[in-house]
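The values are calculated or read from the model by the stated rules, or taken from the named source; none is laboratory data. Treat the numbers as computed from the prediction; the structure is a model and nothing was measured. Every residue, glycine as well, gets a Cβ built from its backbone with ideal geometry; the counts of neighbours run over all protein chains shown. SASA here: full protein model, heavy atoms, side chains in, ligands and nucleic acids out. Shrake-Rupley method; radii C 1.70, N 1.55, O 1.52, S 1.80 Å.
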Amino acid sequence: MRTKSLLAAAVVVVLSATGCYPAAGPLSDEDVAAITALGQAYRDAVLAGDAPAIAALHTEDAVEMPPNMVARQGRAAIQEAYGTGPLMTTFTITSKQTEGFGNLAYELGIWTASMEIEGMEEPYQDAGKYMVVCEKQADGTWLMKATMWNSDIPMPE
């Protein structure tokens, strides 16, 4: 419980410092469902290799922080990053916790993926965890504002 409260407070403090002041009140069941659906739309777009659809799920000033790479700042950079690289053949996202206040929320979860990599006979298998900060837009939709993820598989020695 203390970890959840500290994480929620940290999200609010960080985003408040950037000028995003959340409205008062906890998330509704509809908000939680919309955030979960956002994650599934992301999964579907990744599996389809649809970089414009992936980018459209992010705020214009979004940031992605992938493992072992520099951060991707802005919707255009995110779209460009998804236009290259191996195509995932399987990808699952499982939300474990969604909390928030007003127009800000965070989701914690786990993921699994497999992808075809040139030169490898079998698809590469990976699994890990993620955290995404979502922002409710003026029209009531939710978009991803900040995302980071990493693998549970140890780095090769």
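For the reader, a short list of remarks on this structure follows.
- Centroid-to-centroid separation of segment 109-130 and segment 22-67 [C-alpha atoms, Å]: 21 Å
- Rounded if a/c under 1.5, otherwise prolate or oblate - segment 17-157, Cα gyration tensor axes: prolate
- M155 accessible area, assembled protein chains, probe 1.4 Å, Å²: 130 Å²
- Peptides ranked, highest mean first, by Cβ atoms within 10 Å: ranges 64-73, 37-46, 100-109: 100-109, 37-46, 64-73
- Cα-centred dipole magnitude for segment 59-154, charges only on beta-carbon of K, R (+1) and D, E (-1), debye, nearest 20: 360 debye
- Shape category assigned to segment 110-157 from the gyration tensor of Cα positions, a/c cut at 1.5: prolate
- Averaged over its residues, segment 21-157 has an accessible area of 56 Å² per residue, based on protein heavy atoms and a 1.4 Å probe.
- Amide H contacts of G74 (H built 1.01 Å from N, in plane; Pro and chain starts excluded): A62, V63, E64 sit under 5 Å, all sequence-distant by 5 or more or on other chains.
- Shape class for segment 43-90: oblate, because the ratio a/c of the largest to smallest gyration tensor axis (alpha-carbon atoms, square roots of eigenvalues) is 1.5 or more and b/c is at least a/b.
- Accessible surface comparison of S114, S95, probe 1.4 Å, protein chains only, largest first: the order is S95, S114.
- Remark on N103: its backbone amide H falls under 5 Å from those of A23, a criterion applied only to residues 5 or more positions apart or on other chains, H modelled at 1.01 Å from N.
- In the complete set of protein chains, residue-level accessible area for T89 is approximately 70 Å², probe 1.4 angstrom.
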